[in-house]
Amino acid sequence: MPRLSYRRALTRALADEMARDESVVVLGEDIRVAAANVTTGLLKKFGPERVRDTPLSEQAFTSFATGAALAGARPVVEFQIPSLLFLVFEQIVNHAHKFPLMTGGQCAVPVTYVVPGSGSRTGWAGQHSDHPYALFAHVGVTTVVPATPADAYGLLVSAIRCDDPVVVFAPAGALDLRADVTDPAPVPLGRGIVHRAGTDVTVVAVGHLVHDALAVAEELAGQASVEVFDPRTLYPFDWDGLVESVSRTGRLVVVDDGNRSCGIAGEIIATVAERVRLAAPPRRVTRPDGAVLPFAPALDRAVQPGRDQLTAAIQLTLKDG
């Protein structure tokens, strides 16, 4: 598997886990025709009993997945856009997530929710453009946002094998990225990675924005040494790994395609500030407060965080120090 797109890495992970474990089933809207182009080929390989199209009711098929998991299956549920998660917050958070707690650990609910979309996908308007991963991290549901094809494969495999519910966000801005993946393997949940080492400032980038952070770090190489940290899992978060990075650099910038208020960027800054004495005030690059992305592509791009804002934030942080 020398060259692999992010999207095909997700497909490969699903196929490998379905071949390895007969209890793994995939369900959702229009997955047999691969409407999101993630479940391509699964129907032909594994048949209609394990690749199930569902009615157009997110609450129904999400609840069905919880029941299937309680009965011994390992369902993978695909949502076509992240905004649909608002419809099933009750089913995921109050049912699937809490069953093990409410039964004293007597049952497991191994459901994986795969959510491609949002994140640099312009023109989809407000009701299709949310990135609500901070909500799931807030309530303690395991939440992952892979940035690379290798991590898309490895984190989805680990999510499917986990005995608890896991939400896997696959940003649209990363879906068509390609990379060499010669030895795909599970990636541990809750462990971040440094994609680029540096000494002057740590940039924490979430999902597809990792690639923008790496590009900015390269552009600034003559001015500053930028370390790029990818948390990969937002809950549980690799705080020790991030603290180690910021302890070396003394400065912190977070770039996140979520809203500013109560977003994951603010949580990252607050937690690091409790554990590390920073040389300069930390900064966030996010969507604006209360952002609802507009339909017009030009306005949409203006609202989403990008390289120019990240460059300015890094330069200000270095200047303040």
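What number of residues in the stretch 132-161 are among the β-branched types (V, I, T), part of a helix (DSSP H, G or I) and either without any contact (Cβ under 8 Å) to a residue 12 or more places away in the chain or surrounded by fewer than 23 Cβ atoms within 10 Å (Cβ to Cβ) (or both)? It would help to see each step written out before you state the result.
Within the stretch 132-161, the subset among the β-branched types (V, I, T) is 139, 141-145, 148, 157, 160.
Now drop any that are not part of a helix (DSSP H, G or I), which leaves 139, 157, 160.
The next check asks that each one be either without any contact (Cβ under 8 Å) to a residue 12 or more places away in the chain or surrounded by fewer than 23 Cβ atoms within 10 Å (Cβ to Cβ) (or both); those that pass are 139, 157.
Here the count works out to 2.
Based on what the data block shows, is D230 at negative phi, at pLDDT 95 or above, open to solvent by 10 Å² or more (accessible area, probe 1.4 Å) and not β-branched (V, I, T)? So that I can check it myself, show each step before the final result.
On the way: at negative phi: yes; at pLDDT 95 or above: yes; open to solvent by 10 Å² or more (accessible area, probe 1.4 Å): no; not β-branched (V, I, T): yes.
So D230 fails the test.
Output the residues belonging to the stretch 246-290 that are aliphatic (A, V, I, L, M), open to solvent by 30 Å² or more (accessible area, probe 1.4 Å) and more than 16 Å from V226 (Cβ to Cβ). Please lay out each step first, then the result.
Let us first name the residues in the stretch 246-290 that are aliphatic (A, V, I, L, M), namely 246, 252-255, 264-265, 268-270, 272-273, 276, 278-280, 285.
Subset that is open to solvent by 30 Å² or more (accessible area, probe 1.4 Å): 270, 273, 278-279.
The answer is A270, A273.
When you scan the stretch 100-129, how many residues do you find that are in a loop (DSSP other than H, G, I, E, B) and at pLDDT below 85? So that I can check it myself, show each step before the final result.
In the first step, residues of the stretch 100-129 are kept if they are in a loop (DSSP other than H, G, I, E, B); the result is 103-111, 117-125, 129.
Imposing the further condition that a residue be at pLDDT below 85 reduces the set to 117-125, 129.
Here the count works out to 10.
Kindly list, by first and then second residue, each pair from a residue in the stretch 243-255 that is free of Cβ contacts under 8 Å to residues at least 40 places away in the same chain to a residue that is assigned to a helix (DSSP H, G or I), limited to pairs with Cβ atoms under 7 Å and residues at least 6 apart or on different chains.
Partner pairs satisfying both residue conditions: V243/V272; V243/R275.
Taking the conditions exactly as written (open to solvent by 20 Å² or more (accessible area, probe 1.4 Å), of a type in the set (V, I, T), more than 28 Å from L156 (Cβ to Cβ) and touching an Asp or Glu at 6+ places or on another chain (Cβ under 8 Å)), does T199 satisfy them or not?
Taking the combined requirement at face value, the residue satisfies it.
Which of (1) of a type in the set (D, E, K, R); (2) modelled with pLDDT under 95; (3) open to solvent by 30 Å² or more (accessible area, probe 1.4 Å) is the odd one out, the single condition E29 does not satisfy?
All conditions pass for E29, except number (3).
Report, by residue number, each residue of the stretch 162-184 that is of a type in the set (A, V, I, L, M, F, W, C), open to solvent by 20 Å² or more (accessible area, probe 1.4 Å) and at pLDDT 95 or above. Working first, answer last.
Here is the first cut: in the stretch 162-184, the ones of a type in the set (A, V, I, L, M, F, W, C) are 162, 166-170, 172, 174-175, 177, 179, 181.
Of the ones still in play, those that are also open to solvent by 20 Å² or more (accessible area, probe 1.4 Å) are 162, 172, 177, 179.
Within the stretch 162-184, C162 is the sole residue that qualifies.
So that you can scan it fast, the table gives a plain yes or no per residue for (1) under 21 Å from V187 (Cβ atoms); (2) of a type outside the set (S, T, Y); (3) open to solvent by 20 Å² or more (accessible area, probe 1.4 Å); (4) within 21 Å of the chain's Cα centre (by Cα):
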{"residue": "A15", "(1), (2), (3), (4)": "yes, yes, no, yes"}
{"residue": "D21", "(1), (2), (3), (4)": "yes, yes, yes, no"}
{"residue": "E49", "(1), (2), (3), (4)": "no, yes, yes, no"}
{"residue": "A65", "(1), (2), (3), (4)": "no, yes, no, yes"}
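Report, by residue number, each residue of the stretch 162-172 that is assigned to a loop (DSSP other than H, G, I, E, B) and in contact with a strand residue (DSSP E or B) (Cβ under 8 Å, 6 or more places away or on another chain). Quick ask: steps written out before the conclusion?
Restricting attention to the stretch 162-172, the residues satisfying the condition of being assigned to a loop (DSSP other than H, G, I, E, B) are 162-165, 171-172.
Hits for the stretch 162-172 are C162, D164, P165, P171, A172.
The values are calculated or read from the model by the stated rules, or taken from the named source; none is laboratory data. Not measured: the values here are computed from a predicted model. Because the Cβ atoms are built from the backbone with ideal geometry, glycine has one as well, and the counts that use them run over all protein chains shown. We work out accessible area using only protein heavy atoms, side chains counted, and drop any ligands, DNA or RNA first. Shrake-Rupley method; radii C 1.70, N 1.55, O 1.52, S 1.80 Å.
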